[in-house]
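The values are calculated or read from the model by the stated rules, or taken from the named source; none is laboratory data. Quantities reported herein were computed from a predicted structural model and do not represent experimental measurements. Glycine gets a Cβ as well: all are built from the backbone with ideal geometry, and neighbour counts include every protein chain shown. We work out accessible area using only protein heavy atoms, side chains counted, and drop any ligands, DNA or RNA first. Shrake-Rupley method; radii C 1.70, N 1.55, O 1.52, S 1.80 Å.
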Amino acid sequence: MATTLYDKIWQAHLVDAQKTSETGEEGLMYIDRHLIHEVTSPQAFAGLDEKGRKVRCPERIFATMDHSISTRSLALDACGPTNKLQLQTLADNCKKHGIELFPVGHQKQGIVHVMGPELGLIQPGMTVVCGDSHTATHGAFGALAFGIGTSQVEHVFATQTLKQSKAKSMKVQVNGSLPIGITAKDIILAIIGKIGHAGATEHVIEYCGEAISALSMEERMTVCNMSIEAGAKAGLIAPDQTTFDYLEGREYAPKGQHWDQAVAYWNTLVSDAGASFDTIIELDAADITPQVTWGTNPGQVIGVNQPVPAPSDFSDPIDKDSANKALKYMDLAPGQKLSDLSVNNVFIGSCTNGRIEDMRAAAAIAKQGKVAAGVTAIVVPGSVSVKAQAEAEQLDKIFIDAGFEWRLPGCSMCLGMNDDILKQGDRCASTSNRNFEGRQGRGARTHLVSPAMAAAAALAGHFADVRDYQ
Amino acid sequence: MTTGINIHTGSAMPLNQANVDTDQIIPKQFLTAVTKSGYGKHLFHDWRYLDQHEQVPNPDFVLNKPQYQGASVLLTRENFGCGSSREHAPWSLDDYGFKVVIGTSFADIFYGNCINNQLLPVQLTSSQMDQLFDLVENDASAQITVNLEQQNVSVGELSFTFDIAEQHKTNLLKGLDAIGQTLELNDKITEFENNLPEWQKA
Ligand code: SF4
C-alpha cells in the first residue's frame, strides 16, 4: 500500500500498537530526541522526583537556556530573581539527571529550535519532542517533531515514549518558483492566510512542490516552524540532498559507515506516489507577495500592498467578530494602507527567523539606509553560533552602523519573558511567529513579517514593499 | 494521582470568543514560576485587570461580573487554547476553579494538556454552543451537568451528547497515572531499543 512520510515515521516508532479504535490508530511511540528549556521542564523534573523516578535516556536529551534570559548580559540574574531561579533550577536538574546543558555563555547555547538543528541533533526520520509548540521547526529535516505539555515532558523523561493518536494528513503543495524578494516567511504566512489559524488542526502537514524543494534548510525550518500557527500537530518536508548536505559533518550527525547507513535509510523517507492525504492544498509561488499580518492571529494576513480588510469582507460570523476585535486592538481602519502605518519598534530574531540567512537578508536591506527617527530596532541572533558567524561576516557592523542594536542570543522579544518587552500602544514589525494580543507586551501591536520586510520597515519608519529595495 | 472525574454540575461562565490563545489564558510574565500552583489569580490577566499589578479589575470582562462568580464550567468558541504549549494554561484554569471547558473546538496540545490535568474538555457543535451561550447569558445561575460516562451535557431542557476518544475518557474517569501505566511496558521499550540499528542508538 502506498504510504505517506508520516505513516512511515509513525510505523517505525511504534513500541506497542495499542488498538485501532473508532477514533483512529493509537499507540506508544518511541521518542528519539528530546530538547528541553527552562520554562516547561521544572514541574516535570519535580513530578519525577516526587515519585522517585529516573530519567530513562539522559543521552537522548539536550537542554538549553533561551526563553527567560537577558539579551544584554550573560548574568543569570540580569532579568531578576525569579528568572534566575528558573535558570538555576534547570542547571540543577540537568546535573542531577546527567543531561547535557548548554547554559548562557556556552558556545552551543541558543534558542532550542535553532541550536538543535545546527548541532546535527535533528535527523530525518526521528521523532523529536520539546515542551514548546515550535518544535514543529524540526520537521524541515523530515523528522516528526511536535510540541508537548509538561506532563508529557515528564512522561518522556521516565519512559522515552509517548502515547499518541495518529493524526490526519494534509499535503500542502507550493508550485512553481518564488518571485524575487519573496521568502520562506511569506510562503508560510500565505499558507496560513489561505487555510486559517486553525485550518490544520488535528493534521500533520507535509509541504512539497517545486517551491519547497528549492528552499535551503534554513528556509525550510522557517516554513515548518509556523505549522503550529495553522493549528497543525507537525509539519514535514521529505529529506533530500539539501538535507544530507546540511547535516554532513555536523557534530552530532552520524559519521563514517554510520553516515552511509543513515543516508540509505533517509532516502526511503518520502511519501509514495499515490499515497493518499486527508486534505490537499495547492498554492502557486508566483502569486505570493510580501506578507504582513494586520490582526491578532497569524491567519489575519495580507500582501503588503493590499488594503486592511473590513469585518464585512468575512462571511463566517466568527471571523467577522474576530476581525472586529482585531481591528480595534490593532488600532486599524478597514481600507487603510499598510505603508501609511508608522512602526516604532522592529524585532529581528526568534526561532522563525533568527538564523544566519535571516541575518544576511536583513543586513542586505539595512545597509541601504539608516533606522528612521523614533524607531527602536533590535537584532537578536538565534544562537551563539549564528552570532559568531554573523560577526565573522561583519553583519553586526552593518546593523550597528544603520542604527540597529545587536544583542546576545535568546528568545527575546518574541515573547518578552525578559526585559525586551514593548509598551502599551507600541507598533512592532516582528520576524517572530505570534501576533496575539499582548504577546510582545501588554497593549502592544505586533505585525509579523520576513526579516527583509522588518529591516525595510525599520529604515522607512512604516511598512514598505521590500521589492523596492532589490 | 488524582481520583478521576465523572459527573460534574455547576454554573457556567460565557467567554463568547473564538481563538482564545494560551498567551491570553496565562501571559508569559507568570511562566517563570517552577511550581504548578498559584496561577489562578493571573488567569486571563490582560483582559481581567486594567493595570499590570492586578489591582483594578476590568468590570467589562466576564470573569469579573458578579453573576458569574463561582462558575466551574467555562463556555467558549472555536480553537480554544491555540498557540503556546504551556501547560500553565490548564493549571491556571484549574487553579481558578474550572472543572470543565465546553467549546466548539480545541487546539491539539491544549486538549492533551487538559486530559493530563483532569480538566474535562467537551466539544459541541457551534449551534449547540449558541444555545448554551443564550441560556447562560440570560440565566447565570443555570446549573450545567456534564456526565462523562454517558458523554452528555444537560441544562434545563437542553441535552447534548459529545464525542471523546476512549483513551482520554478512561484516563479522566479513572485518574490514571499515565507514566505508571507505560512503565509496565518497560520490557517492550527495552526490546524496541535493542532492535535499533547501531547508528540510531543513543
Ligand atoms: S523564539 Fe519565540 S516561539 Fe521560538 S521558542 Fe523562543 S519564545 Fe518560543
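Normalising the average separation of contacting C-alpha pairs (under 8 angstrom, six or more residues apart) by the number of residues puts the relative contact order of chain B at 26 percent. Summary of packing: across the peptides A:447-454, A:33-40, the per-residue average of other C-beta atoms within 10 Å ranks them, highest first, as A:447-454, A:33-40. Counting Cβ atoms of other protein chains within 10 Å of each residue's Cβ and taking the mean over peptide A:411-418 gives 2.
Surface composition of chain A: carbon and sulfur atoms hold 49% of the protein heavy-atom accessible area at a 1.4 Å probe. If you sort the three axes of the alpha carbon gyration tensor as a ≥ b ≥ c, you get a/c under 1.5 for the protein assembly as shown, which makes it rounded. Per-residue shielding of B:110-117, expressed as the average number of other chain Cβ atoms within 10 Å of the residue Cβ, stands at 4.
Think of a 1.4 Å ball rolled over the protein heavy atoms: chain B then has 41 Å² of accessible area per residue.
Counts of other chain beta carbons within 10 angstrom of each beta carbon in peptide A:160-170 average 3. GNM remark for chain B: springs join alpha carbons under 10 Å apart, and the peak mean-square fluctuation among B:Pro59, B:Pro121, B:Pro14 falls on B:Pro59. For the peptides B:196-202, A:188-194, A:207-213, the ranking by packing is A:188-194, A:207-213, B:196-202, with the highest mean count of neighbouring Cβ atoms within 10 Å listed first. Under the classification rounded if a/c is under 1.5, otherwise prolate if a/b is larger than b/c and oblate if not, where does chain B fall, given a ≥ b ≥ c as square roots of the Cα gyration tensor eigenvalues? Because a/c hits 1.5 or more and a/b fails to exceed b/c, chain B counts as oblate. For A:Ala377, the residues whose modelled amide H falls within less than 5 Å of its own, excluding neighbours fewer than 5 places apart on the same chain, are A:Val346, A:Glu405.
Put simply, the C-alpha atoms of region A:188-248 give a gyration tensor, and the ellipsoid matching it has half-axes of 22, 11, 9 Å, longest first.
Ellipticity at 222 nm from helices only: DSSP H runs of n ≥ 4 in chain A, each -39500 (n - 2.57), divided by the residue count, give -9000 deg cm²/dmol. When +1 charges are put on Lys and Arg Cβ atoms and -1 charges on Asp and Glu Cβ atoms, the dipole computed for the protein assembly as shown relative to its Cα centre reaches about 1240 debye.
Over region A:235-374, what is the mean sequence separation of C-alpha contacts under 8 Å (at least six apart), divided by residue count, expressed as relative contact order in percent? 14 percent.
What you get for region B:7-175, charging only the Cβ of Lys and Arg (+1) and of Asp and Glu (-1), is a dipole of about 480 debye around the Cα centre.
The relative contact order of chain A comes to 17 percent, based on Cα pairs under 8 Å that sit 6 or more residues apart. Can you pull out the buried accessible area for chains B and A, both sides counted, probe 1.4 Å, rounded to the nearest 100 Å²? Counting protein atoms only, the buried area is about 5300 Å².
The solvent-accessible area of B:Ser141, taken with every protein chain present and a 1.4 Å probe, is close to 80 Å².
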